[in-house]
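Accompanying notes for the structure given below.
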Protein chains: 6
Amino acid sequence: MTTTERYERGWEKLRQIDGEAGPNVVESLKDIAPDLGKYVVEFAFGDVYSREGLDLRQRELVSISTLVTQGGCEPQLQVHIHAGLNVGLSPQEIVEAITHCLPYVGFPRVLNAMFTAKQVFQERKVTV
Amino acid sequence: MTTTERYERGWEKLRQIDGEAGPNVVESLKDIAPDLGKYVVEFAFGDVYSREGLDLRQRELVSISTLVTQGGCEPQLQVHIHAGLNVGLSPQEIVEAITHCLPYVGFPRVLNAMFTAKQVFQERKVTV
Amino acid sequence: MTTTERYERGWEKLRQIDGEAGPNVVESLKDIAPDLGKYVVEFAFGDVYSREGLDLRQRELVSISTLVTQGGCEPQLQVHIHAGLNVGLSPQEIVEAITHCLPYVGFPRVLNAMFTAKQVFQERKVTV
Amino acid sequence: MTTTERYERGWEKLRQIDGEAGPNVVESLKDIAPDLGKYVVEFAFGDVYSREGLDLRQRELVSISTLVTQGGCEPQLQVHIHAGLNVGLSPQEIVEAITHCLPYVGFPRVLNAMFTAKQVFQERKVTV
Amino acid sequence: MTTTERYERGWEKLRQIDGEAGPNVVESLKDIAPDLGKYVVEFAFGDVYSREGLDLRQRELVSISTLVTQGGCEPQLQVHIHAGLNVGLSPQEIVEAITHCLPYVGFPRVLNAMFTAKQVFQERKVTV
Amino acid sequence: MTTTERYERGWEKLRQIDGEAGPNVVESLKDIAPDLGKYVVEFAFGDVYSREGLDLRQRELVSISTLVTQGGCEPQLQVHIHAGLNVGLSPQEIVEAITHCLPYVGFPRVLNAMFTAKQVFQERKVTV
């Protein structure tokens, strides 16, 4: 597979999952680190998100869980709560995934994530 | 619901998911911090794992992802890779979930987790 | 003990320690994840903060130290610096606890925490 | 104050708190990074642990809490559980401090820390 | 060496590296934790940054990398991207250092850091 | 560029930097997650380590610093201390880089890293 094919596959996947948010991140990197945007497309989406073995709803469960756990990644968590809804997770499933992290990471990270979810749900006018 | 009912519900759930590993952790806490074992049963399993909204396969995807991300939790990751298999995740799905964390947490944590999965799979004589 | 009793014990403890901030968090979760608010009350305050063996001043020293260390938990740190003052820690003891984390977590997390303390002290018009 | 005075003050404090474990760490750094050992003595113990405003029992509560939270610091946690006992914390207070971290950091880090405490208590033949 | 000499050496180093940002941090700690400011000067700059064995450009590569990795330290990262430019790292070298962290820490922390660098570069009107 | 070219460029870079350790990691992933080994080669080494703008000595300073900071990545840190020596960093420069992390991450992570360096230096019979 050529680099161009990976990029195109990644770009299509990125649009499918992240909507406008994905291309916006890539665009905002253009003048400082265009290759970082290229890696988002080629590696994160062209390679990893394009893999078989888990469907996109499962993949977004994993993405949300890892972002809840890391902390300090609210912008990315916001993108992936949108992404979860885009690929068919229900608001309730997202709330449950965040809640399920509680015994593993404790209340502070889970509360921060839940308030991020609350903002996204309000923006999209969806309810749990 | 009384505390006893939460404990019993949690204990049953713990046995269903973790097999012998769960009760062993609770037992090993008896002489130093029995209440911590009680909270594992009542809160983690009686409250959180007993919730609706995600099935156990989805819950173990979340548990594995958060443990991959935290790092330094190899004993718990081992328990939950076993647990994932116990509740019906395939070895391949577990490998995919760990791999999917790669763009979020980088290679070191993902490699550590994959080698933990490799040990569990060898112990259970399952293959990807 | 019934769930109701745990909730009531936790609620009373939450009010005693966090003042208005505790109920506000619970309230803000009502429309998205009411059970998360319930767990704050029942588990964090009804179970853990209600334990014997450490007094509330010691418990808030622990809470503040763990929040300084995690990083990215400024909202919760703010609540628990207020809580520390509420249960009788002096501003100086709080400053010392944050400073004592320095050899363990380094300057960045300690500086972030100290500026959070500064805001709380200004808000409450207390001085070190 | 001269560097020598800071070193001597720190060395005395280190011996008082850590017993033999402190000098052993300093000794083991001699052939690779002697200045790192010097900073342990001068800065961590000569400056920070020698401060007023918290007594040594409070300081070890903070040290233990930050080490529980960081994860992956079992050798240092072991030293400071010994240190906590050396300066007068009871085994029960140490168990309580670790347990109190639960709502903040979740079960995995707390379980790892509790099993470290169990080892130290067994080694010193103390019981909770 | 006396404490005064460490302070003076540290202050000079701090000014050389951080420009006005360093003294501003020290100043902002005056009314809450003046000793923390003193430790920034004496220990971080008087001891560590004054060491031989790495030049200041190498030291700022290390500082930037550790701050990218920790996450949640955007204010300190901002100071040290300025510092990197102050001691002679090119904007491109800073972008490369942040990009090089990608396989180790993943996209979220690297993206947060890159957008911090973008702000600093815009403020200083430098381009990659 | 085709995938094959990225792989070959990455493989050559991996051999140059990591010696036998790199191929061993890739080999050990063969039966569980061969694509993860492929990504190590293609992405980490074929894309990132093959970039211009920093030389390999600078890149290993960054790699070591991020691994010191993350904690719990001792196997990877060991590989990259070897790698640092392979690409021309002196033992003293590696010790300095680890020491320089001290004001940013505190003593526990730095001590763990320094003892890892000590092991590598002993294995290679090099001295500081």
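The values are calculated or read from the model by the stated rules, or taken from the named source; none is laboratory data. No experiment lies behind these values; they were computed from the predicted model shown. FYI the Cβ positions are ideal-geometry reconstructions off the backbone, even for glycines, and counts take in every protein chain you see. SASA here: full protein model, heavy atoms, side chains in, ligands and nucleic acids out. Shrake-Rupley method; radii C 1.70, N 1.55, O 1.52, S 1.80 Å.
At 7 angstrom along the Cα-to-beta-carbon line, where would the label on B:GLY19 sit relative to the other copies? Give the distances in nm, shortest first.
The projected label point of B:GLY19 is separated from its counterparts by 4.0, 4.0, 4.3, 5.3, 6.1 nm.
Where the only charges are on Cβ atoms (+1 Lys, Arg; -1 Asp, Glu), what is the dipole of chain D about its Cα centre, to the nearest 20 debye? Spell out each step's value before the answer.
Working: 13 positive and 17 negative charges, 57 e Å.
Its charge dipole is roughly 280 debye.
Is there a quick way to get the dipole size of the protein assembly as shown? I mean about its Cα centre, with the Cβ of Lys and Arg at +1 and of Asp and Glu at -1; what is the value in debye to the nearest 20?
Rounded to the nearest 20 debye, it is 0 debye.
Expressed in whole Å with the largest first, what are the equivalent ellipsoid semi-axes of the range C:54-128 derived from the C-alpha gyration tensor as the square root of 5 times each eigenvalue?
For the range C:54-128, the ellipsoid semi-axes come out as 17, 14, 11 Å.
Just to be sure I understand: with springs between alpha-carbon atoms less than 10 Å apart, which residue in E:ALA117, E:ALA44, E:ALA33 has the highest mean-square fluctuation in the Gaussian network model of chain E?
E:ALA33
Look at the axis of the rotation that sends chain C onto chain A, then give the chain C residue with the nearest Cβ and the distance in whole Å.
C:GLY72, 2
Among C:GLY19, C:ILE94, C:TYR49, which residue has its Cα furthest toward the positive end of the charge dipole of chain C, with +1 on Lys/Arg Cβ and -1 on Asp/Glu Cβ?
So the residue furthest toward the plus end is C:ILE94.
So for chain F, if I pair up every lysine 8 or more residues apart or on another chain, how many of those pairs have alpha-carbons under 27 Å apart?
5
Before we go on, tell me the buried accessible area for the D/C pair, both chains summed, 1.4 Å probe, in Å² to the nearest 100.
It comes to approximately 2800 Å² buried between D and C.
What percentages make up the Cα-Cα pair-distance distribution of the range C:1-51 when the bins are 10 Å wide from 0?
Values per bin, smallest distances first: 30, 57, 13, 0.
On the first, second and third principal axes, largest extent first, how far apart are the outermost C-alpha atoms of the protein assembly as shown in Å?
Largest to smallest, the principal-axis extents are 66, 65, 48 Å.
Let me confirm one metric for peptide B:53-61, namely the mean number of other chain beta-carbon atoms within 10 Å of its residues' beta-carbons.
Working: counts 11, 10, 0, 0, 1, 8, 4, 1, 8.
Going residue by residue through B:53-61 and averaging, the value is 5.
Along Cα-to-Cβ, 7 Å out, sits the label point; list in nm, shortest first, how far the one on C:GLU5 is from those in the other copies.
Relative to the other copies, C:GLU5 has label-point distances of 1.4, 6.0, 6.8, 6.8, 7.4 nm.
In whole Å, how far is the Cα centre of the range E:8-25 from that of the range A:10-46?
Cα centroid to Cα centroid, the span is 39 Å.
Using a 1.4 angstrom probe, figure out how much accessible area the protein assembly as shown has per residue, in square angstrom, rounded to the nearest whole. Can you show the working numbers first?
Numbers: 26710 Å² over 768 residues.
I get 35 Å² per residue for this part.
Which order do E:SER63, F:SER50 take by accessible area at a 1.4 Å probe, largest first?
Ranked list, largest accessible area first: F:SER50, E:SER63.
Output, in nm with one decimal and in ascending order, the distances from the F:PHE115 label point to the matching label points of the other copies (7 Å from Cα along Cα-to-Cβ).
The projected label point of F:PHE115 is separated from its counterparts by 1.7, 1.7, 3.5, 3.8, 3.9 nm.
Leaving ligands and nucleic acids out of the surface, order A:HIS80, D:HIS82 by accessible area at 1.4 Å, largest first.
On the way: A:HIS80 10, D:HIS82 40 Å².
The ordering from most to least exposed comes out as D:HIS82, A:HIS80.
Beyond 18 Å, what share of the Cα-Cα pairs of chain B is found? Please give it as a whole percent.
The share of Cα pairs beyond 18 Å in chain B comes to 54 percent.
Leaving out ligands, DNA and RNA, and with a 1.4 Å probe, what % of the accessible surface on the range B:62-128 is carbon or sulfur?
Its accessible area is 50 percent carbon and sulfur atoms.
About its Cα centre, how strong a charge dipole does the range B:1-51 have in debye, to the nearest 20, once Lys and Arg get +1 and Asp and Glu get -1 at the Cβ?
The dipole magnitude comes to about 160 debye.
Can you give the angle from 0 to 90° between the axis of helix C:107-124 and the longest principal axis of chain C, with both taken from C-alpha atoms, to the nearest 10?
Once rounded, one gets 70 degrees.
Can you give me the Cα centroid spacing of the range E:110-128 and the range A:80-128 in angstrom?
Cα centroid to Cα centroid, the span is 30 Å.
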